[in-house]
Amino acid sequence: MNIVEKYKKYVNISVVDKVQPVVIERANGAIITDIEGKNYIDCFSGIAVTNAGHCNEKVLEAAKAQMEKFVHCCSYVYYSQPTADLAEKLAQITPGRLQKTFFANSGAEAVEGALRLAKQFTGKTEFIALQASFHGRSYATLSVTGNNARKRRGGPYMVGCTFLPAPYCYRCFFELEYPKCQLRCARALEDIIRFNTYDNVAAVIAEPILGEGGIITPPDDYFVEIDRILKRHGILLLIDEVQTGFCRTGKMFGIEHYSVEPDIIAMAKGIANGFPLSGFIAREEIADSFKPGDHLSTFGGNPVSCAASLANIEFMLENHLADQALEKGEFLKKELAELAKRYKLIGEIRGKGLMIGIELVRDSQKTPANTEGNKIRDICLQLGLLPGLGGIYGNVLRIQPPIVISKEQLGELT
Ligand SMILES: Cc1ncc(COP(=O)(O)O)c(C=O)c1O
C-alpha cells in the first residue's frame, strides 16, 4: 500500500474535500520537495506556521539541544528553563502590559483557555465575536466562530455568544463604503451590547485580520472604535493572534497595526515554526485570576517546543522578519495589482505583510468564484506553486508563504 492508499484507509480524512496530491519528502526555506523530487514553492506555510522557513537551522538546533537534555516534564508540575525563558520573551515582545503566559498546544486550546480566563477575571459569562471569524474546533471556540460552514452539525453551542457584523468592506454587511460609513460595523457593537446581551459580557474576541474568513482586513481605525466602546462598558478585548502572530502581517503581532492595547492575546501556529505549542498572555492581574485547579495542560509549555520557539523568535528579531514581511507583501501586492488589470476574475487583493488574500469573483455582482478558485489551485500545483484557498465563500486564494521566501520565488506567483 502506498502513502496515499494508507491515508485513505487509515487516516480520517473525511473532514476535508481532498488532501492536496503532494506527498512531502522534505522541506527547506520556502521550498517543499515531494517524494518524486519535484520542488514546489510553498505559499501557505502549513496554514501560516513556518514563518521562519521550513527546517530553520537555528530552530532545529535549539530543539535538538533540548531533546538531548529532556523532552518532557509537564511544565506545570516542575520548572523548565526554556518555558521560563520563552514566557519572559513573550512578555517583552507582546504589546502593552501583557505579562504572564499560559502555555498549551494548539490554537483552539489557547483560545479556549483565554475565554475561560476572561470569564474568571470579569466574573461575567457572555462573549461577542465577529461574523466570518474562526477561532478553533473545540466547543467554546466553535461557539464564538462566526461561520456556519464550520459549526454545522456540532451544536447546540455555548449560550451567551453573540456576533458583530465583520469589517468586510468588499462585501459590507451594511452596503456602505469606507470611510463614508464612519465605521458602521464597529459602531454596531454599542447596539449589540444593548440589545443582544444582558450586560454580562466578559470579552469581545476578534482576529486582527480574519484569516479563515478570507483574509478580511479591518480598516486602520476599526479596533480603536471597538476599544472605545469596550472601555465604556468595562469589557475585555481578547485578540486571537493564532494566525496573525509572529511577523505574518508585518508586525510581530497583527494588533500592533491598530493603536489599541489588548487585555489578552491568544497565539499558536507561527510561535514555534512547526513545533506544537500555543499560549495566551494576559496582564498580571488578569492572569492571576486563575486559582489552583482552574486550568492545566499535560503537554503545554513542552520544553522542546519552548526551546524551538525561543530560537524562532530570536531568528525573527535578528533578521527583521516583520519588516521583511511588510516589504515582500507590498512587492507582491503591486505585482498582483498588475495581474488584476488583466483578469476580471480578481475582485480584490487585500491583507497586510505576507498575509494576502485574492478574492475571486465571477461578475460585477461579485458572485463568489469558488470553482474557479479550485481550478486555479490545481493549475498552481502543476506549476509548482502551493497557495491556500479559503474564505467564507471558498473563493479567496490565500498567499501566506514562509516569510524567508525570496523575491524571485514570490515573483513566480505572478
Ligand atoms: C484565528 C485562528 N484561531 C484559532 C485557530 C485554531 O487553531 P488550531 O487549528 O491550532 O487549533 C485557527 C486555525 O486556523 C485560527 O486561524
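The values are calculated or read from the model by the stated rules, or taken from the named source; none is laboratory data. On a predicted model such as this, the values are computed, not experimentally measured, just so you know. Quick reminder, even Gly has a Cβ in these numbers, built from the backbone with ideal geometry, and neighbours come from all protein chains shown. Only protein heavy atoms, including side chains, enter the accessible area calculation; ligands, DNA and RNA are left aside. Shrake-Rupley method; radii C 1.70, N 1.55, O 1.52, S 1.80 Å.
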Amide H neighbours of LYS352 at under 5 Å, excluding residues fewer than 5 places away on the same chain, with H built from the backbone geometry, are none
Residue-wise, which Karplus ³J(HN,Hα) couplings in Hz belong to region 400-414, taking 6.51 cos²θ - 1.76 cosθ + 1.60, θ = phi - 60°, and x for glycine or proline? 9, x, x, 5, 6, 3, 7, 5, 4, 5, 4, x, 4, 5, 10
Using amide H atoms built 1.01 Å from N in the peptide plane, name the residues 5+ places from GLU207, or on other chains, whose amide H lies under 5 Å from its own. ASP240
Residues whose built amide H sits under 5 Å from the amide H of PHE163, excluding neighbours closer than 5 in sequence, are ALA129
Going 7 Å from the Cα of GLU412 in the Cα-to-Cβ direction, what parts of region 325-355 have a backbone nitrogen less than 18 Å from that spot? 328-329, 332-333, 335-336
DSSP-assigned coil residues among GluC sites (Glu not before Pro) in region 24-84, each with at most 13 further Cβ atoms within 10 Å: GLU36
Normalised radius of gyration for region 258-395, please: alpha carbon Rg relative to 2.2 N^0.38 Å, two decimal places. 1.41
Percent of alpha-carbon pairs separated by more than 23 Å within region 46-132: 41
Value of [θ]222 nm, deg cm²/dmol, for the chain, DSSP H segments ≥ 4, -39500 (n - 2.57) each, nearest 500: -11000 deg cm²/dmol
Expressed in nm², what is the orientationally averaged projection area of the convex hull enclosing the Cα positions of region 113-213? 6.8
Heavy atoms only, probe 1.4 Å: what % of the accessible area of region 249-384 goes to carbon and sulfur, would you let me know? 53
Candidate cut points under trypsin sites (Lys or Arg not before Pro) in region 226-328, DSSP loop plus at most 13 other Cβ atoms within 10 Å of their own Cβ, are none
Can you list the aspartates and glutamates whose alpha carbon sits under 14 Å from that of LYS69, skipping same-chain ones fewer than 8 residues off? GLU61
Compute the Kirkwood hydrodynamic radius of the chain, taking the inverse of the mean of 1/r over all pairs of distinct Cα atoms, and give it in Å to one decimal. 21.9
Could you please put VAL404, VAL201 in sequence from largest to smallest accessible area, using a 1.4 Å probe? VAL404, VAL201
Karplus-derived 3J(HN,Hα) from phi for region 230-238 (6.51 cos²θ - 1.76 cosθ + 1.60, θ = phi - 60°), whole Hz, x at Gly and Pro, runs 4, 4, 4, 9, x, 9, 6, 9, 9
Over 23 Å (Cα to Cα) among LYS333/LYS366; LYS38/LYS407; LYS100/LYS151; LYS333/LYS407 -> LYS100/LYS151
Would you mind telling me the share, in percent, of accessible area of region 1-94 contributed by carbon and sulfur at probe 1.4 angstrom? 54
Could you give the accessible area per residue of region 155-214, probe 1.4 Å, as a whole number in Å²? 47
Hey, can you find the accessible area per residue of region 258-414 for me, probe 1.4 Å, expressed in square angstrom? 41
Pop out the ³J(HN,Hα) list for region 7-16 in order, Karplus 6.51 cos²θ - 1.76 cosθ + 1.60 with θ = phi - 60°, rounded to Hz; leave Gly and Pro as x. 4, 4, 7, 10, 9, 7, 9, 5, 7, 10
Loop sites in region 1-81: trypsin sites (Lys or Arg not before Pro), DSSP, at most 16 other Cβ within 10 Å: LYS18, LYS38
Largest-first ordering by accessible area, 1.4 Å probe, given options SER106, SER14: SER14, SER106
